[in-house]
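Notes for the one structure printed next.
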Amino acid sequence: MVTLKWGLANSDNWISAYLMSKLNPYELVRLIHSFGVRNKAIDPVVSLCLGPCEISVGEMVSAYTAFANRGDSGGSFVRDSDRGQ
């Protein structure tokens with residue numbers, strides 16, 4: 001038996017896919033949207049845990065920010081210096 005933490009750290013995607021088959025893909029889509037991803041065309045399928053949907057870099061940054069902030073994406077922003085101004 002292995003943990004999800006171990007599976008993700010070692011890029012063993014079968015662990016994520018197995019857990020997703022036991023859970024609800026619709027809830028994962030809801031969670032993805034709550035993290036700031038605006039793409040409404042995300043299909044609630046088991047393979048969603050492997051990243052088959054298209055999202056922008058800004059949306060990805062916003063979503064990953066939620067992990068660091070214990071579930072709160074807090075929105076995202078770009079500094080003027082990052083835009084080259």
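The values are calculated or read from the model by the stated rules, or taken from the named source; none is laboratory data. Treat the numbers as computed from the prediction; the structure is a model and nothing was measured. Cβ: placed from backbone, ideal geometry, glycine included. Neighbour counts: every protein chain shown.
Brief remarks follow.
- Matching residues in the range 1-19 - criterion: being among the β-branched types (Val, Ile, Thr) and either touching a Phe, Trp or Tyr at 6+ places or on another chain (Cβ under 7 Å) or loosely packed, with under 13 Cβ neighbours inside 10 Å (or both): 2, 3
- Here is the figure for the range 20-59: residues that are of a type outside the set (A, V, I, L, M), touching a residue at least 24 places away in the same chain (Cβ under 8 Å) and either exposed (fewer than 12 other Cβ atoms within 10 Å of the Cβ) or farther than 17 Å from residue 8 by Cα (or both) total 4.
- Here the range 15-73 is the region considered, the condition is being over 24 Å from residue 3 (Cβ atoms), among the small types (Gly, Ala, Ser) and in a helix (DSSP H, G or I), and the residue that is modelled with the highest pLDDT is 34.
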